[in-house]
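Just below is one structure, and these are the notes that go with it.
The values are calculated or read from the model by the stated rules, or taken from the named source; none is laboratory data. No experiment lies behind these values; they were computed from the predicted model shown. Methodologically, a virtual Cβ is constructed for each residue, glycine included, from the backbone with ideal geometry; neighbour enumeration extends over all protein chains shown.
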Amino acid sequence: MDVILTIALPFFALIFTGMIAGRTPLMPGETITGLNKFVFFFALPALLISSIAEAPVEDLGDPALFLAWLLPGVALFALTYWLMRALFGGSAGRRAVQALAASFANVGFVGLPLVIAALGNEATPAAAVVIVVDTAIMIGIATAIIEVDKGGSGSLMRAVRTAVQGVVRNPLIVASVFGTLLSAFAVSIPGPVFSYLELLGAAAGPAALFALGATLARQPLGEQVGATGIIVFLKLVVHPALVWGATVLLGLPPTWQAALVIMASLPVAANVYVLAQRYQVNVAGASTAILVSTVIAVATVSVVLHLILE
């Protein structure tokens, strides 16, 4: 219970504070956009660099850590894609967005600050691997399906180009790579620079959670009750169960196992809505899944933290 009261509830309280603020004139759309940009381009990258640079380089390249997140994610993506086709039909692009929602956790804005608060900097390599896998591979798979579904000449090549550009331009991946290089070459960050990164990174958690809530307050709701219920169940229950099984089979150390399971229990990432909006595919359904999963995750994440840390 102490873990829930001291870690989980304050995190979600910040999200709901942002949701309330997002409904008031105090947080107009341009203010929310600016706050999201601060978190995404400045605070979270600083947190990643300062944390990863201090991690042992052998931890960052562990294939078991990579596979323990990738394999459950791909399996769940395929399962959700098949279920959505069997139960609801719809286009391949729509099913790709739904499958991504079931397998893509909100690690950037929620998971990274949460696992560091709960487990310390030892969990940072796990968070970095999750960010890279989800952004470079899972979004790439969904993008390829959507592009091919839209048709037209060169659709597959366009999908590959879009995915590569998304990876190269993602500041979280750039920060992860930069921090890994610092660790690999044993480069010590000068004291004042490290203090600057820590100070900027300390803003990542509260700002990210508040910005997420304010963003959710302005997202439209769809009417896909059946599909949303299945997606949220797969995301919040099946995903952490699959990841836990993979970490056990691959023999991950307790800290990484705990970090991956906690991150798998998180709600649907806002990136899913961004992708859906970009291609105008299942936009309302994606926003509904994000909002509903975030509300229910108050309970499921609390349970996971209690089981793992107490």
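Whether any residue in region 56-64 is outside any helix (DSSP H, G or I) and surrounded by fewer than 16 Cβ atoms within 10 Å (Cβ to Cβ) is what I want to check.
Within region 56-64, one or more residues are outside any helix (DSSP H, G or I) and surrounded by fewer than 16 Cβ atoms within 10 Å (Cβ to Cβ).
Can you name the residue in region 29-55 that is of a type in the set (G, A, S) and in a helix (DSSP H, G or I) and, of all such residues, is farthest from G179 (Cα to Cα)?
G29
Tell me, which helices (runs of 4 or more DSSP H) lie completely within region 185-282 with 3 or more residues that are modelled with pLDDT of 85 or more and under 23 Å from L76 (Cβ atoms)?
Counting at least 3 such residues, we get 225-233, 239-249, 254-264.
Output the residues belonging to region 80-108 that are part of a helix (DSSP H, G or I) and in contact with a Ser or Thr (Cβ under 9 Å, 6 or more places away or on another chain).
Result: T80, R95, A96, Q98, A99, L100, A101, A102, S103, G108.
Could you please find all residues in region 5-27 being more than 22 Å from the chain's Cα centre (by Cα) and within 10 Å of R218 (Cβ to Cβ)?
Residues satisfying the conditions are R23, M27.
Select from region 29-55 the residues that are free of Cβ contacts under 8 Å to residues at least 40 places away in the same chain and among the charged types (D, E, K, R) and write down the one among them that is surrounded by the most Cβ atoms within 10 Å (Cβ to Cβ).
Selected residue: K37.
Of the residues A269, A246, which is touching a Pro at 6+ places or on another chain (Cβ under 8 Å) and not charged (D, E, K, R)?
A246
Could you give me the residue pairs with C-beta distances under 6 Å whose first residue belongs to region 267-287 and is without any contact (Cβ under 8 Å) to a residue 60 or more places away in the chain and over 19 Å from L209 (Cα atoms), whose second residue is surrounded by fewer than 24 Cβ atoms within 10 Å (Cβ to Cβ) and not charged (D, E, K, R) wherever it lies, and which are 6+ apart or on separate chains?
Listed pairs, sorted by first residue: Q277/V283.
Please determine whether any residue of region 143-151 is free of Cβ contacts under 8 Å to residues at least 60 places away in the same chain, outside any helix (DSSP H, G or I) and not charged (D, E, K, R).
yes
One line per residue, one yes/no per condition, for (1) among the hydrophobic types (A, V, I, L, M, F, W, C); (2) farther than 15 Å from G73 by Cα; (3) modelled with pLDDT under 80; (4) out of contact with any Cys (no Cβ under 8 Å at 6 or more places or on another chain):
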residue	(1), (2), (3), (4)
S91	no, yes, no, yes
A101	yes, no, no, yes
A105	yes, no, no, yes
F109	yes, yes, no, yes
I137	yes, no, no, yes
I141	yes, no, no, yes
A163	yes, yes, yes, yes
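For region 18-28, indicate whether the set of residues that are surrounded by fewer than 15 Cβ atoms within 10 Å (Cβ to Cβ), in a helix (DSSP H, G or I) and among the β-branched types (V, I, T) is non-empty.
yes
Kindly evaluate A299 against the criterion of being free of Cβ contacts under 8 Å to residues at least 12 places away in the same chain, farther than 17 Å from G108 by Cα and hydrophobic (A, V, I, L, M, F, W, C).
Yes; evaluated as a whole, the condition is true for this residue.
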